[in-house]
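Okay, so here's the structure we're looking at.
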Amino acid sequence: MKKLIPYITVILTTLILAFPSKAQNCNLSIRGKVIHLENNQPIPGAYVWLEETKQGMVTDLDGNFLIRNLCQGTYNLKIQFLGHKEIQEKIDLASNSFNKTFRMEEESFALSGVEIHGHRDAVQTTTAVTALYGEQLLESRGENLGESLKRVAGVTTFSTGNSIAKPVIHGLHSNRIMILNNGIRLEGQQWGAEHAPEIDPFLADEITVIKGAETVRFGPEAMGGVILVSPAEIPTKSESKTDLYVLGASNGRMGNVSVTHQDGFKSIKGLGYRVQGSVKRAGNIQSPDYYQANTGLNEINFSGALGYTSPKLGAEIYYSFFNTELGILRDSHTGNLTDLQEIIANGRPFSNVGFTYDILNPKQKVAHHLGKIKSHYHINSNWKANLQYGFQLNQRQEFDRRRGDLNERASLDLELFTNTLDLFVDHTHPNEFSGTWGLNIIQQANSNIPGTGVTPLIPNYQMLNMGFYGIEKYSKGPLEIEGGIRFDFRDVSTARFVNNELEEVDLNYSNFTAFLGAYYQLSPSLTFSTNLGSAWRPPNINELFSQGLHHGAAAVEIGDQDLNSEKSLKWVNSLEFTSNKSTFELTAYANRISNYIYLNPTGDTFVSLRGTFNVYEYLQANALFYGFDFSGSYEFTSNFNAYVKGSIIRAKNTDEDNFFPFIPSDRMDWGLSYKLGQEKKTHKFTISNQLVARQSREPDFDLAPAPDAYALFNFGYLTQLPIGQNKLNLGLQVQNIFNNSYKEYMNRFRYFTDDIGRNILLKINYQF
Amino acid sequence: MKTIQKLPFYALIVSLFVFTACEPEEPVVENDGEVITDVTLNFTELDASGNPVGTPISFKASDPEGIEVGASPVVQTVSLMKGKTYRLDIEVFNAIENEDITEEILEEADEHQFYFLGSAFVGSSAPLTYVYDDESGELIGVRGIVTVASSPGFNNAQMRIVLRHDLDKNYPGANNPNFENFVMAGGETDLDITFPLVLN
């Protein structure tokens, strides 16, 4: 019975929605949504004219319009938008109101002076979506991807110290969510808890979080959600734009510079480029009472893109390079269980160090190259063929404190090649249907680079994944219904030496996934979406093959080659309210996962000459995750504004009736902001308060109890000044104003140290 | 223009080529360079003036698989004579790589130190007394002097020998070979072996 509660919660959410009122004779209405035929993006500001009543109106930001108080009869509707073919529709209004989605086709290109617009596709999904852009993204600059995404309700981080943060969506992370770098699924060594996503947030113009199961669209592993890191559109005409960021932070004495420049070529119409680069340097992080030894960071990133857009064809070449060297808190590397227990009992690092930028062992060096070619071709006005090919090379080296020459050698040295190929067709018809059909191939080769002097943690392997999918959407005015199905096949062949004997293993996995979702605009200010999706994830290579000591963690981890794929069913419901003064969004979900793989302490210890270690094994059990996130804002006056957001997650091992480790505790964030100034020159002051509860639902075994609840206060100031045609944004932020000592349950280093203390950041952004 | 329109086709050809070109390397046997498989305690009896007498006696702790999951280490019982003084030389060896780790420890003398703990060394009635006597003069514990009480309170005790790596040797108390709070000096444990001790 207990298991039903989350479902009942979700059903209740559904029932809150009022049914549309029954139409009276002269109380009929025509409702519509106007979108681009080409990419399904809404068209705001399209002109809608009803001939009979001489009523005219303009579509709102989402492309919606509504004409009320119509009597029965026949009406002629006209929709016009610059550069697009006019739509004329004869509508018979009988007893019901009329709903329709109108797709506008771009006018023939022969017409001179018609502007060609870019081809960036919007995320088309009925699942809950939240995007980080504009001012919010500006405020997050200088943070890593995980930290930036904490601004989205329902997203937290699973971190290892302050420089390694993995995003967590609705309690799931690592290989249970997916990150796309400009449309290509990021393939690093995501299985490791201390392996951060290899991506520079500065390349993004928008970061979108999809909170639903999106395996059908994006492939296996997208169980908990998807993060889309999207650069700006490549210019299609000569229009030089440069974005410069200079940031500094007091804590860790961090300095960060990023430049993005984009322009179009005058000589070739539709050809444009964008280049972007960033450099970051930080030294030892300071907790309120001490410095954390060896927590510096060096990062150099680059990306570039060249794009061509003609009416029928679009092509893009993209390359991004991510390169980081980061220190791992010296005290977190323990020799054996006794060491580990001693430092946990101590509650803080033993080392007493000062500030330095130097990075010593233990450290990580990671380089990630990503190249992609993307092209689409409009076969006719309804069909579009797409091709996308991506190549990735991930090089990861991890260094431990070792004796002699070995100290200079990585103890983990991995090289991962990934090829991804997407071939798909989109169809958009003037009638109610649109959809995507495609083929997706992922091929991977992972090698241990010899010479580490350590038995490799995971074997060398080759992986091939093929998926076929189809998604269809039915749109009628405020209603959208979407469904999709996918079949995947995966083959993994591994090779390694066990006791000097070659061991080769072939593994096959295959699975069907499907989803069904709907989106309904209840009124111009209220929308509801629901999505039920299945997803799957084959076991990771480390879950299958780990066999030995996890260096630094004082743990012996034992994999299981017979693990089955995880399968999940996630139901997400989202209610969104927007009015002039307030916005509110509520997302409730339940995610049932069968064969959930987790690392379980066996209770045994392993004794060696080095001392004693805890033994962990990978097990599978059925799991249930459920919860909700909310966010809202209210404008008291045009200057004075308040916001609140928060999330609650419950996750249970339903077989054992106990809790999983590292599930985010309940948390909320609220704040007040005051705005001064006129339209273009503004000053904004924000005071915010972050409240994080203690995780009272602890697993049966943990090295240390969950840390106490904490509250942090933050201050922010942002001013936007126009300088001629250019724009200057200046920001000052103070995080953890009162320099509180606290530990975050989701930070693995809570065993060793307090979290980061007060941090004052200065952010300068100049757009010219 | 025509060529550009065929771009998807060319891209496909290129990508298919790359697809076939990506394979993992053949795995290689990796010998664990850092693993310690054998620790030998060599006791040489010293006369009143500090000169060695007789043949050294050795006691060994070994774990052929290093720190891989498998068999537990075999630890011999240390047997010493009451009232005598010994020079203790510790030898650390990696049998997998056939490498003498003692040398490496001496090379990085500033980063390594042995601690001598357990009921054999710690406590007012401890039967053994240890003094560092390394050749370089630095406190390492590769060589030291062990004095056995002539009439100890008990004849059986535990000798716990810990090798610390990357510690702060200047930490207050770190110069004491029986420093129980060695973790406070930072670093990590490379060896932690408890030898049973019998006094005759």
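So the values come out like this:
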| quantity | calculated |
| --- | --- |
| Tally, over the range A:469-504, of residues that are in contact (Cβ under 8 Å) with a residue 60 or more places away in the chain and closer than 17 Å to A:THR527 by Cβ | 9 |
| Filtered residue count, the range A:422-461, keeping only those that are in a strand (DSSP E or B), of a type in the set (A, V, I, L, M, F, W, C) and either at the interface with chain B (Cβ under 8 Å from one of its Cβ atoms) or surrounded by fewer than 18 Cβ atoms within 10 Å (Cβ to Cβ) (or both) | 7 |
| Flag if A:GLN462 is in contact with a Cys (Cβ under 7 Å, 6 or more places away or on another chain) and either over 30 Å from A:SER97 (Cβ atoms) or not assigned by TED's automatic domain parsing to the domain that holds A:VAL556 (or both) | no |
| Residue identified as within 22 Å of the chain's Cα centre (by Cα) and not acidic (Asp, Glu) among A:SER633, A:SER665 | A:SER665 |
| Residue in the range A:745-754 that is acidic (Asp, Glu), surrounded by fewer than 15 Cβ atoms within 10 Å (Cβ to Cβ) and in the same structural domain as A:ALA555 (by TED's automatic domain parsing) present | no |
| Top-ranked residue in the range A:493-509 [being of a type in the set (A, V, I, L, M, F, W, C) and within 11 Å of another protein chain (Cβ to nearest Cβ); ranked as surrounded by the most Cβ atoms within 10 Å (Cβ to Cβ)] | A:ALA495 |
| Residue satisfying condition, being free of Cβ contacts under 8 Å to residues at least 40 places away in the same chain and hydrophobic (A, V, I, L, M, F, W, C), within set B:MET159, B:MET184 | B:MET184 |
| Every pair of residues 6+ apart whose Cβ atoms lie under 7 Å, when the first sits in the range A:64-80 and is on the phi > 0 side of the Ramachandran plot while the second is part of a strand (DSSP E or B) and hydrophobic (A, V, I, L, M, F, W, C) | A:GLY73/A:LEU93 |
| A:ASN419 vs. criteria surrounded by fewer than 23 Cβ atoms within 10 Å (Cβ to Cβ) and part of a loop (DSSP other than H, G, I, E, B) | no |
| Top-ranked residue in the range A:492-542 [being more than 22 Å from A:MET466 (Cα to Cα) and not in a strand (DSSP E or B); ranked as modelled with the lowest pLDDT] | A:PRO524 |
| Residue among A:THR242, A:THR309 that is in contact (Cβ under 8 Å) with a residue 24 or more places away in the chain, more than 24 Å from A:ASN394 (Cα to Cα) and within 14 Å of chain B (Cβ to nearest Cβ) | A:THR309 |
| One residue from B:ALA109, B:ALA95 being small (Gly, Ala, Ser), surrounded by 16 or more Cβ atoms within 10 Å (Cβ to Cβ) and within 14 Å of another protein chain (Cβ to nearest Cβ) | B:ALA109 |
| Filter pass, A:THR578 being in contact with a Gly (Cβ under 8 Å, 6 or more places away or on another chain), β-branched (Val, Ile, Thr) and closer than 29 Å to A:VAL209 by Cα | no |
| Answer residue from the range A:200-229, given it is assigned to a loop (DSSP other than H, G, I, E, B) and aliphatic (A, V, I, L, M) and is surrounded by the most Cβ atoms within 10 Å (Cβ to Cβ) among those | A:MET223 |
| Every residue from the range A:559-607 that is without any contact (Cβ under 8 Å) to a residue 40 or more places away in the chain and within 26 Å of the chain's Cα centre (by Cα) | A:ARG592, A:SER594, A:ASN595 |
| Yes/no for A:GLU316 being part of a strand (DSSP E or B), of a type outside the set (A, V, I, L, M, F, W, C), in contact (Cβ under 8 Å) with a residue 12 or more places away in the chain and away from chain B (no Cβ under 14 Å) | no |
| Selection within the range B:32-43 - more than 7 Å from chain A (Cβ to nearest Cβ) and either within 21 Å of A:ALA410 (Cα to Cα) or of a type outside the set (S, T, N, Q) (or both) | B:VAL35, B:ASP38, B:LEU41, B:PHE43 |
| Those residues of the range B:81-92 which are charged (D, E, K, R), without any contact (Cβ under 8 Å) to a residue 60 or more places away in the chain and away from chain A (no Cβ under 14 Å), in sequence order | B:ARG87, B:ASP89 |
| Index of the failed condition, A:ASP562 passing every other in (1) of a type outside the set (Ser, Thr, Tyr); (2) part of a loop (DSSP other than H, G, I, E, B); (3) within 14 Å of chain B (Cβ to nearest Cβ) | (3) |
| Candidate set from the range B:141-168 (those that are assigned to a loop (DSSP other than H, G, I, E, B) and over 21 Å from B:THR129 (Cβ atoms)); member that is nearest to the other protein chains (Cβ to nearest Cβ) | B:ASP166 |
| Qualifying residue in the range A:295-313 (condition: in contact with an Asp or Glu (Cβ under 8 Å, 6 or more places away or on another chain), farther than 30 Å from A:HIS376 by Cα and either assigned to a loop (DSSP other than H, G, I, E, B) or β-branched (Val, Ile, Thr) (or both)) | yes |
| Residue identified as within 14 Å of chain B (Cβ to nearest Cβ), crowded, with 22+ Cβ neighbours inside 10 Å and at positive phi among A:GLY611, A:GLY627 | A:GLY611 |
| Residue list for the range A:578-595, restricted to those being outside any strand (DSSP E or B) and touching a strand residue (DSSP E or B) at 6+ places or on another chain (Cβ under 7 Å) | A:LYS581 |
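The values are calculated or read from the model by the stated rules, or taken from the named source; none is laboratory data. Predicted model, so just to flag it, every value in this text is computed and none were measured. Glycine also receives a Cβ, built like all others from the backbone with ideal geometry; neighbour counts cover every protein chain displayed.
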